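Enquirer: Dropping the structure in here first, questions after.
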Amino acid sequence: MFIVMISSECAPVAKVGGLADVVFGLSRELEIRGNSVEIILPKYDCMRYDNIWGLHITHNDLWVPWGNGAIHCSVWFGFVHGRKCFFIEPHSNENFFNRGAFYGFHDETMRFAFFSKAALEFLLKTGKRPDVIHCHDWHTGLVPVMLAEIYKHQGMENQRTCYTIHNFKHQGIAGANLLTISGLHRIDYYYSYDRLRDNFNHTAINFMKGGIVYSNFFTTVSPHHAWEAQHSNQSHGLAHTINTHGAKYGGVLNGIDYEVWNPEIDRFIPYHYSRDDIDPKYGNKEALRDRFWLSKGYKPIIAYVGRLDQQKGVHLIRHALFFAIWNNAQFVLLGTSPERDTHNYFWHLKNHLNESPDCHLELSFNEEVSHLIYAGADMIVMPSIFEPCGLTQMIALKYGTVPIVRAVGGLMDTVFDRDYAHRAIEDRNGYVFETADYAGLESAMHRAIGLWYAFPGEFRELMRNGMRYDFSWNYPGQHYYNIYEYIRHK
Ligand code: ADP
C-alpha cells in the first residue's frame, strides 16, 4: 500500500510533542510491514537539519493557487532516520515557515491551510496517487476537505483519507476570508453546520470539524479518550459532530519505539537491565542521584517528566513534590512550560528548594536526562486533567518505573491499579486515582510509597508486571493498516 502522511511535525526533525513521535513511529512500522510511506512537512527554518540526510531540492516549480494568484514553492527531499520526507518551502512575503519557531503566530490558520493545499497540489502535479492520505491534528484538517471539494475533480478521485486527532483542545478557528484565499470559496456552502461551521462560534469555520466531516475515517489516540470525546466535554465542543460521524470513528492507542526506549540497549543510561535481571536498575538510581546531588539512602525516587501545562495538572505535580518529601521519598522533575506564569513559578520553587537533598527540578528539555530519570526512578507521577494517550507512562512501564496516574484518557488504557483493578494480579502495573484533587493523589502516592517500604518483594513484582506489557508499534501499526484496508475497499 502507498501511504502519504501530511503533518506539521515529525520526530526528531520537527518535534514539539507526542504528534511528532507518532508520525515517525507509525511510518516506520508501516514500512517494516512492506508498505511505501512518504511524509510531507513544512520546511521550517528551525528544524533539526542535522537529522536529515541527503537534503536536496526535487521540485522547483510548484505553483500553489492562493488568493488571486499563486505562490511559488520549492519541494525538498531528505531521509529522516530512514523515513522519506518531502519539505515544502513557499517563496512569498508571508514567510510562512521561516520564523524561528514551529507555532505561535497570529496567522496560524493561514499558514497551515496553505501547507495543506500545497501538499495536495504537490501530489497532484507530481502524479503521486497514494492509496491513503493520513493527516493529523487541526493543522491538516482541511486536507480531507480540499481533497473532496477540489482535488477529487482534478484526477485524485481514488485517494482515501484517515484523520487522527492527537489533541482536541486546538481546533483551528478561522473566518470566511480563509475560504476565499484558500480557493474553497462558496462561503454559504461551507458555513453550514453539516460542514465547517463551528458548533458554538457561528461566525467561524473549524478545521478539525472539517477533518472529521470529510475524512473517510477519523481516530483519536486511545480507546478511552475516544469514548470521552463522545460522551464528555473532552472534545471541546465537537461531541455532536463526532457522534454524527460515529460510524467511521475509533480510538487507536499510540505505540512507543522500543529501539529508543528499552533499558536493555538504551545508550543514555550507564547500566542496562531487563525484566529478568532488574538489579542493575539500582545502579541507574545512584547515577541519577549523583547527577542531581541527591542524598543517598534507603528512599524511593518519584519523578515527573513532561510539559508543565495546565493539561498535566500543574497544581497536583507541585503537591506530589511536597507530599513525596514529607513522606520519606525523593522527587525529581524534568519539564518546561510555555506559559510564563507557570515557568516563573517553577523557577521560584527550584530556587526555594535548592538546598534540599531530596529533590531536584530540571527546568529544560533534555532527552538524555529523561532516559536517566525513567531508568533511575522508582515511580513516576502523572496527575493529568486530560490525557489523550500519554507516552510517559508507557515508557516508564518499560523501564520498571511504577506509574501513579489519574484515571483519564489513555492512562486508563495502559495503567491498572494494583489494589482495585478488575484484572488478574499479574496484569496490574501501577496506581490509579479518580478525582483530580489532593486527596485522590495522596491516597495513590501513599499506597505506592507504603508498598515500597513495607513489601519490597511485592513492589518488585509490580515493576516486573509493567515491564511485561508490549506497547510497541506492533499492534497500533496493524490497527491502522486495518483501517486503511477498510476505507480503501469501502
Ligand atoms: P504530550 O504529547 O502531551 O506532551 P506525552 O506523554 O504524549 O505528552 O509525550 C511526552 C514525550 O515528551 C515523552 O517522550 C517525554 O519523555 C518527552 N518529554 C516531555 N518533556 C520533556 C523534557 N522536558 N525533556 C525531555 N523529554 C521530555
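The values are calculated or read from the model by the stated rules, or taken from the named source; none is laboratory data. Bear in mind that the values here come from a model prediction, so they are computed numbers and not experimental data. Backbone-built Cβ (ideal geometry, glycine too); neighbour counts: all protein chains shown. Protein only, heavy atoms only, side chains kept; ligands, DNA and RNA dropped before computing areas. Shrake-Rupley method; radii C 1.70, N 1.55, O 1.52, S 1.80 Å.
Enquirer: Let's see if you can work this out: charge +1 on each Lys and Arg Cβ, -1 on each Asp and Glu Cβ, no other charges. What is the dipole magnitude of the stretch 281-468 about its Cα centre, in debye to the nearest 20?
Expert: Values: 20 positive and 22 negative charges, 72 e Å.
Computed about the Cα centre, the dipole is about 340 debye.
Enquirer: Just the accessible area per residue of the stretch 281-468, please: how many Å² with a 1.4 Å probe?
Expert: Roughly 39 Å² per residue, with all protein chains present.
Enquirer: Which of rounded, prolate, oblate describes the chain, given a ≥ b ≥ c as roots of the alpha-carbon gyration tensor eigenvalues and a/c under 1.5 marking rounded, otherwise prolate only if a/b is larger than b/c?
Expert: The shape class here is prolate.
Enquirer: For the chain, with the dipole built from +1 on Lys and Arg beta-carbon atoms and -1 on Asp and Glu ones, taken about the Cα centre, which of 333, 314, 170 lies farthest toward the positive end?
Expert: So the residue we want is 170.
Enquirer: Residue farthest toward the positive end of the dipole of the stretch 281-468, with Cβ of Lys/Arg at +1 and Asp/Glu at -1: which of 455, 342, 395?
Expert: After comparing all options, I get 455.
Enquirer: Binned at 5 Å from 0, what are the whole-percent values of the Cα-Cα distance distribution for the stretch 281-468, short to long?
Expert: Per 5 Å bin, starting at zero, the Cα-Cα P(r) for the stretch 281-468 comes out as 1, 8, 18, 23, 23, 16, 7, 2, 0 percent.
Enquirer: At 0.36 nm per residue, and after removing the present C-alpha to C-alpha distance, how many nm does the segment from residue 460 to residue 126 gain when stretched out fully?
Expert: Contour length minus Cα-Cα distance gives 114.6 nm.
Enquirer: Please report the Cα spread of the stretch 80-199 along all three principal axes, rounded to whole Å, starting with the longest.
Expert: Extents along the principal axes, in whole Å: 42, 37, 30.
Enquirer: Continuing with the same structure: In the stretch 264-361, which chymotrypsin sites (Phe, Trp or Tyr not before Pro) fall in coil by DSSP and have 15 or fewer other Cβ atoms within 10 Å?
Expert: Taking the stretch 264-361 and a limit of 15 other Cβ atoms within 10 Å, the loop chymotrypsin sites (Phe, Trp or Tyr not before Pro) found are 268, 293, 298.
Enquirer: Measure out, as a whole number of angstrom, how far apart the alpha-carbon centroids of the stretch 2-70 and the stretch 417-452 sit.
Expert: First find each Cα centre; the distance between them is then 40 Å.
Enquirer: Hey, another quick one. Given a 1.4 angstrom probe, what's the average accessible area per residue across the stretch 24-129, in square angstrom?
Expert: Here the residues of the stretch 24-129 average 41 Å² of exposed surface.
Enquirer: Could you work out the relative contact order of the stretch 281-468? I mean the mean sequence separation of Cα pairs under 8 Å and 6+ apart, divided by the number of residues, in percent. Can you show the working numbers first?
Expert: Details: 338 pairs, mean separation 40.7, N = 188.
Relative contact order of the stretch 281-468: 22 percent.
Enquirer: Here's another thing I want to ask about it. Report in % the part of the accessible area of the chain that belongs to carbon and sulfur, leaving out ligands and nucleic acids; probe 1.4 Å.
Expert: 52
Enquirer: Given a Förster radius of 41 Å and the C-beta distance between residue 188 and residue 265 as r, what FRET efficiency does 1/(1 + (r/R0)^6) yield to the nearest 0.05?
Expert: Rounded to the nearest 0.05, the efficiency is 0.10.
Enquirer: Set the bar at 32 Å for Cα to Cα. Now go through 125/312; 43/312; 169/281; 15/296; 209/490; 169/285 and name every pair that lies beyond it.
Expert: Pairs exceeding 32 Å: 125/312; 169/281; 15/296; 169/285.
Enquirer: Which listed residue (251, 192, 274) has the Cα farthest towards the positive end of the charge dipole for the stretch 185-284, taking +1 on Lys and Arg C-beta and -1 on Asp and Glu C-beta about the Cα centre?
Expert: Highest projection toward the positive end goes to 192.
Enquirer: Angle, helix 314-326 long axis vs. longest principal axis of the chain, Cα atoms, 0 to 90°, nearest 10?
Expert: 10
Enquirer: When ranked by the protection proxy of mean other Cβ atoms within 10 Å per residue, highest first, what sequence do the peptides 66-78, 139-151 form?
Expert: Peptide ranking by packing, descending: 139-151, 66-78.
Enquirer: Also: Under the rule a/c < 1.5 gives rounded, and otherwise a/b versus b/c splits prolate from oblate, where does the stretch 409-472 land using the Cα gyration tensor? Mind showing how you got there, number by number?
Expert: Details: a/c = 2.06, a/b = 1.10, b/c = 1.87.
It is oblate, given that a/c is not under 1.5 and a/b is not larger than b/c.
Enquirer: Could I ask something else about it? Using +1 on the beta carbon of Lys and Arg, -1 on that of Asp and Glu, and nothing else charged, what's the dipole of the stretch 210-361 about the Cα centre, debye to 20?
Expert: Dipole about the Cα centre, nearest 20: 300 debye.
Enquirer: Here's something else I'd like to know. How high is the FRET efficiency between residue 36 and residue 424 when r is their beta carbon distance and R₀ equals 45 Å, given to the nearest 0.05? Write out the running numbers ahead of the final one.
Expert: Values: r = 41 Å, r/R0 = 0.91.
For residue 36 and residue 424, the calculated efficiency is 0.65.
Enquirer: Rounding to the nearest 10 and keeping the result within 0 to 90°, find how far the Cα-based axis of helix 18-32 lies from the longest principal axis of the chain.
Expert: Compared with the principal axis, the helix lies near 80 degrees.
Enquirer: Could you tell me whether the stretch 132-246 comes out rounded, prolate or oblate from its Cα gyration tensor? Rule is a ≥ b ≥ c as square roots of the eigenvalues, rounded for a/c under 1.5, then prolate if a/b exceeds b/c, otherwise oblate.
Expert: On the way: a/c = 2.07, a/b = 1.25, b/c = 1.65.
Oblate, since a/c reaches 1.5 and b/c is not below a/b.
Enquirer: How big, on average over all directions, is the shadow cast by the Cα convex hull of the stretch 1-58, in nm²?
Expert: Averaged projected hull area, Cα only: 4.3 nm².
Enquirer: On to the next question. I'd like the orientation of helix 367-376 relative to the chain: the angle between its Cα long axis and the longest Cα principal axis, in ° from 0 to 90, rounded to 10.
Expert: 40
Enquirer: Within the chain, what percent of beta bridges assigned by DSSP are antiparallel, to the nearest 5?
Expert: 35
Enquirer: What dipole magnitude, in Debye to the nearest 20, does the chain give about its Cα centre under +1 on Lys/Arg Cβ and -1 on Asp/Glu Cβ?
Expert: Numbers: 45 positive and 52 negative charges, 130 e Å.
Roughly 620 debye for the chain.
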